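Inspection log for the structure reproduced underneath, given as structure tokens.
The values are calculated or read from the model by the stated rules, or taken from the named source; none is laboratory data. Predicted model only: the values in this text are computed from it and were never measured. Every residue, glycine among them, receives a Cβ derived from its backbone with ideal geometry; neighbour counts consider all protein chains shown.
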Amino acid sequence: MKENQSTDIAFAKEVLLLESEAIRNQIDRLDIRFQHAVDLIFNCKGRVVVTGIGKAGIIGQKISATLASTGTPSYWIHSSEAKHGDLGRIVADDVVLALSNSGETEVVAPLPFIKQIGAKVIAITGNGKSTLAIHSDVVLDIGKIEEPCHLGLAPSASSTAMLALGDALALTIFKKRNLRKEDYAFYHPGGELGRKLLTVEMVMRKDEENPVVHEDTLLLDVLNIMTETAGKPGAVSVVDKGKKLVGFFTDGDLRRHLMDGMSVLRCTIKEVMTRSPKVVHAHCLVAEAYKILKDYKIDQVPVVDDSNVPIGIIDVQDLLEVGL
């Protein structure tokens, strides 16, 4: 039994070694053709249509997903379905990224029609002299790759190299677009990644859900405004004549002041508000707002722009809704 385990582990290590070598070999193969592919996709006015069949098709789906999630509009079509109506999805402004190790699979069949439509074609293939390569505008040749399968047949190292090259292509374009974390978060609103990258501006209460009053407003009038505000935020931002934030007032503040008697209702808001309150900026990450609420044990915090003008409110309930 131990001898069998040793043999299996040794073979598995050989698989990993060959696949890692297939990726490393791509480094020296990168040349001006890769740059042409980057420029073609970066300047694409349409979408990047990724196509393939079999294992290459599955790799293509992942590459398409990576492109789309990093700011390059993309979708995947099955090569066999292309000639049964899916060609109608392709327009002249698109770039078609076709994957096939041999370059002689069904991925070749739609090429004449794609060229007639006017879309550009980028090939990722292991055969630079294949039909796919000949009919492509740019060829990314991964070279002849030894498959670690004991029969030398099952696509593995070749598909791994395709995946790595597709990632290199997508991430190079992503970097070239110079997108911010906030832009990336827009394409990832769900899951742990989305929660970490959401900005305050994306989840704050604003416009009619963000009550703002002048500092000379009577407290009784402020309470009416808070009650009538959509979403019932339970808080109000207080501004001076220049519309700059000078204070914040919450339901909790009201309860504390009422302990001193009902006469407080005849005060102006500036007499009972919290002056120089904690604030967050609209471009901050939601995680930063959560830390402020947690550290200072408060339920709401005003959101301000770079001029200290209140443009929203973050409530702890808003953060609960996005999973924080």
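Laid out as a table, the results:
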quantity: Selection count, the range 135-182, where residues are without any contact (Cβ under 8 Å) to a residue 60 or more places away in the chain and in contact with a His (Cβ under 8 Å, 6 or more places away or on another chain); calculated: 0
quantity: Unmet requirement for residue 79, which otherwise passes all of (1) of a type outside the set (D, E, K, R); (2) buried (at least 20 other Cβ atoms within 10 Å of the Cβ); (3) modelled with pLDDT of 95 or more; calculated: (3)
quantity: Answer from 252, 234 - the residue that is small (Gly, Ala, Ser) and within 36 Å of the chain's Cα centre (by Cα); calculated: 234
quantity: Test set (1) surrounded by 14 or more Cβ atoms within 10 Å (Cβ to Cβ); (2) closer than 19 Å to residue 246 by Cα - residue 306 fails condition number; calculated: (1)
quantity: Count of residues meeting criterion [among the polar types (S, T, N, Q) and over 15 Å from residue 201 (Cα atoms)] in the range 270-316; calculated: 3
quantity: Residues of the range 120-166 that turn out to be surrounded by fewer than 17 Cβ atoms within 10 Å (Cβ to Cβ) and either closer than 30 Å to residue 8 by Cα or not assigned by TED's automatic domain parsing to the domain that holds residue 58 (or both), as a count; calculated: 9
quantity: Pairs with Cβ under 7 Å, 6+ apart, first in the range 198-218 and without any contact (Cβ under 8 Å) to a residue 24 or more places away in the chain, second small (Gly, Ala, Ser); calculated: 208/230
quantity: Leading residue by the ranking (surrounded by the fewest Cβ atoms within 10 Å (Cβ to Cβ)) among those in the range 226-251 that are among the β-branched types (Val, Ile, Thr) and free of Cβ contacts under 8 Å to residues at least 40 places away in the same chain; calculated: 227
quantity: Filter result (free of Cβ contacts under 8 Å to residues at least 40 places away in the same chain and part of a helix (DSSP H, G or I)) within the range 22-52; calculated: 24, 27, 28, 32, 35, 39
quantity: Single residue of the range 53-76 satisfying the filter (under 13 Å from the mean Cα position of the chain (by Cα) and either in contact (Cβ under 8 Å) with a residue 24 or more places away in the chain or not in a helix (DSSP H, G or I) (or both)) that is surrounded by the most Cβ atoms within 10 Å (Cβ to Cβ); calculated: 67
quantity: Those residues of the range 256-288 which are part of a helix (DSSP H, G or I), of a type in the set (Val, Ile, Thr) and crowded, with 17+ Cβ neighbours inside 10 Å, in sequence order; calculated: 269, 272, 286
quantity: Output for the range 289-311, where each listed residue is in a helix (DSSP H, G or I) and either in contact (Cβ under 8 Å) with a residue 24 or more places away in the chain or hydroxyl-bearing (Ser, Thr, Tyr) (or both); calculated: 289, 290, 293
